[in-house]
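Structure first, then comments.
The values are calculated or read from the model by the stated rules, or taken from the named source; none is laboratory data. Keep in mind it's a predicted model, so treat the numbers as computed, not measured. For neighbour counting, all protein chains shown are included, and Cβ atoms are generated from backbone atoms with ideal geometry for every residue, glycine included.
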Amino acid sequence: MDRTQKQKLVESLQRDLAGTACVVITHQSGLSVAEVTQLRRQVRNAGAAFRVTKNRLAKRALAGTPFEPLSPLFTGPTAIAFSGDPVAAAKVVVEYANRNDKLTIIGGGLAGQRIDAAGIRELASLPSLDELRSKLIGLLQAPAVRRRGFCRRRPDRWPESLLPMPRAAATPPAPLLQRNPKSKSIRSRRWLIWRVWSMICRP
């Protein structure tokens with residue numbers, strides 16, 4: 001591959017990432033051509049995209065973008081799934097990885113924040129955008145000011161129907177961001193819920 005072809009690949013990936021909210025980084029060692037084709041189809045049907053990447057070129061494409069912190073994850077036989085929907089890519093990749101252990105989830109990013117593999121699985125467990133939007137139906141009759149105020153609330157102040165995990169009344173709310181000092185991975189389910197919800201409420 002000559003320099004011109006490499007530059008075109010870098011530019012192509014940069015264009016893809018420009019409209020991306022969620023990136024899932026995987027290792028796909030041992031997948032057959034038929035399995036990769038099936039995975040691509042499932043990812044596409046979910047409204048996401050799947051690309052096998054060359055690590056050096058991917059790092060160049062990430063430079064200067066909100067996803068630049070993901071560069072250290074690009075080692076080995078890497079492939080990425082990405083979507084403008086903050087949940088779609090994670091859902092379809094986790095579902096496939098649960099059925100086929102040849103696909104390993106390494107980590108990823110949501111709106112420029114690095115997430116570890118456990119965080120990707122947490123993200124995949126959240127309701128889809130369609131399900132979350134349906135929860136807004138009850139707000140459509142409310143005054144605009146009230147709707148804006150609702151969208152700006154911290155997750156620990158949302159109605160319990162939007163928080164799938166139980167909360168003890170006497171337990172103080174967990175911090176929105178819980179970072180690993182080494183990987184700086186986002187581990188907070190509340191943060192993930194808040195980030196996805198903020199994307200829906202964004203004008």
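So which residues in region 52-67 are under 17 Å from residue 85 (Cα atoms) and of a type outside the set (Phe, Trp, Tyr)?
Step one: of region 52-67, the residues under 17 Å from residue 85 (Cα atoms) are 66-67.
The one that is under 17 Å from residue 85 (Cα atoms) and of a type outside the set (Phe, Trp, Tyr): 66.
Only one entry in 98, 55 is within 21 Å of residue 127 (Cβ to Cβ) and either modelled with pLDDT of 90 or more or in contact with a strand residue (DSSP E or B) (Cβ under 7 Å, 6 or more places away or on another chain) (or both), namely 98. The set of residues in region 1-34 that are among the acidic types (Asp, Glu) and in contact with a Phe, Trp or Tyr (Cβ under 9 Å, 6 or more places away or on another chain) contains only 16. Among the residues of region 64-77, at least one is surrounded by 15 or more Cβ atoms within 10 Å (Cβ to Cβ), of a type in the set (Phe, Trp, Tyr) and farther than 19 Å from residue 196 by Cβ.
Apart from one condition, residue 68 fits all of (1) more than 16 Å from the chain's Cα centre (by Cα); (2) without any contact (Cβ under 8 Å) to a residue 24 or more places away in the chain; the exception is (1).
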